[in-house]
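Asks: A single structure is presented below for examination.
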Amino acid sequence: MHIPPLDPNVAARKGFRESEERLKRFWTAAEAREGEGAQKGKWAVLLDGRSPKTPAGAPVVLPTQAAAQMVADEWAAQGEFLDPATMPTQRLAATAIDRVSQAREAVADEIAAYAGSDALCYPAEAPGSLVEQQAREWTPWLDWAARELGVRLEPSSGIVHRAQDPAAVARVRELALELDDFALTGLAALTPALGSAVLALAVQRGALSGEAAFDLSRLDEAFQEGQWGVDAENAERTASRRAEAVLIDRWMKAL
């Protein structure tokens, strides 16, 4: 199951509703409120006391106050018309509630597949300065995955695919399935954004910030920019991707 990107340019075209109509603001105040009875310990997003709905019609209820407040803050910040491009955590919450909850095994399979071809296992062959930088900055995270997660991945030489130990890939799947629907949604969005299950798991576990993980994931790209420069369009795209990694890091911490 593919998790849609949180890039605002994509979100602006799709939103979290399958509609081209602009929805006018119909609420005054947005808040996060703890549930009662069977819902105690869970936090609902409320607009003037009523919960907004996901595309499938479910109320927006999250496992922590901090995560619910992130979503409520996005609703509170809206202007005269609703702008889905400015509501990435609402999109994450809706995806977790409507989709990931119904397809956890498939989502974990996709995350594990990235471990089978993790970006950290494919360093450049040249030039020497880039090879040295990648070895210096990537090897500690491969070592961390082996030590802390029980995920031992072996780097390849060059661009030729190297099959990883099935036990390591299976372990990544197991770690993904240990997460609740909301954290699993964040991991599923971050892993392809970084091209690395190792870096995404490091962010999810608080061992690495989203911004630092993003920078590690693009050492080759940054090296090329240093050699040849960067145009405005690429700079904008990079800034958007970095913002997505930072946002998902905040989401993980809030959970």
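The values are calculated or read from the model by the stated rules, or taken from the named source; none is laboratory data. In this text, all values refer to a predicted model and were calculated from it rather than measured experimentally. In this analysis, Cβ positions are derived from the backbone assuming ideal geometry, glycine residues included, and neighbour counts consider all displayed protein chains.
Asks: For a quick check of your reading of the model, give me the residue pairs whose first member lies in the stretch 220-243 and is under 25 Å from residue 136 (Cβ atoms), whose second is charged (D, E, K, R), with beta-carbon atoms closer than 7 Å and at least 6 apart or on different chains.
Replies: 242/211
Asks: Given (1) outside any helix (DSSP H, G or I); (2) closer than 22 Å to residue 247 by Cα; (3) assigned by TED's automatic domain parsing to the domain that holds residue 224, identify the lone condition not met by residue 79.
Replies: The one condition residue 79 does not meet is (3).
Asks: With respect to residue 64, is the statement that it is closer than 25 Å to residue 240 by Cβ, out of contact with any Lys or Arg (no Cβ under 7 Å at 6 or more places or on another chain) and either modelled with pLDDT under 95 or not basic (Lys, Arg) (or both) true?
Replies: no
Asks: Out of all the residues in the stretch 36-47, which are farther than 20 Å from residue 252 by Cα and either among the polar types (S, T, N, Q) or touching a strand residue (DSSP E or B) at 6+ places or on another chain (Cβ under 8 Å) (or both)?
Replies: 39, 40, 46, 47
Asks: If you check residue 246 against the conditions, is it of a type in the set (Val, Ile, Thr), surrounded by fewer than 21 Cβ atoms within 10 Å (Cβ to Cβ), modelled with pLDDT of 95 or more and in a helix (DSSP H, G or I)? Don't jump to the end; show me each part of the working.
Replies: Numbers: of a type in the set (Val, Ile, Thr): yes; surrounded by fewer than 21 Cβ atoms within 10 Å (Cβ to Cβ): yes; modelled with pLDDT of 95 or more: yes; in a helix (DSSP H, G or I): yes.
So residue 246 fits the description; yes.
Asks: Tally up the residues in the stretch 116-153 that are closer than 14 Å to residue 213 by Cα and of a type in the set (Val, Ile, Thr), please.
Replies: 1
Asks: Looking only at residues in the stretch 176-208 that are of a type in the set (A, V, I, L, M, F, W, C) and surrounded by fewer than 19 Cβ atoms within 10 Å (Cβ to Cβ), which one is farthest from residue 120 (Cα to Cα)?
Replies: The selected residue is 177.
Asks: Determine the pairs where a residue that is part of a helix (DSSP H, G or I), located within the stretch 160-186, has a partner that is of a type in the set (Phe, Trp, Tyr) with Cβ atoms under 6 Å apart, the partner being 6 or more residues away or on another chain.
Replies: Here the result reads 186/251, each pair linking the stretch 160-186 to a residue that is of a type in the set (Phe, Trp, Tyr).
Asks: State whether one or more residues within the stretch 57-74 are assigned by TED's automatic domain parsing to the domain that holds residue 86, part of a helix (DSSP H, G or I) and farther than 16 Å from residue 254 by Cα.
Replies: Taking the stretch 57-74 first, the residues assigned by TED's automatic domain parsing to the domain that holds residue 86 are 57-74.
Adding the requirement that they be part of a helix (DSSP H, G or I) leaves 65-74.
Narrowing further to those that are farther than 16 Å from residue 254 by Cα: none.
The answer is no, given that none of the residues of the stretch 57-74 is assigned by TED's automatic domain parsing to the domain that holds residue 86, part of a helix (DSSP H, G or I) and farther than 16 Å from residue 254 by Cα.
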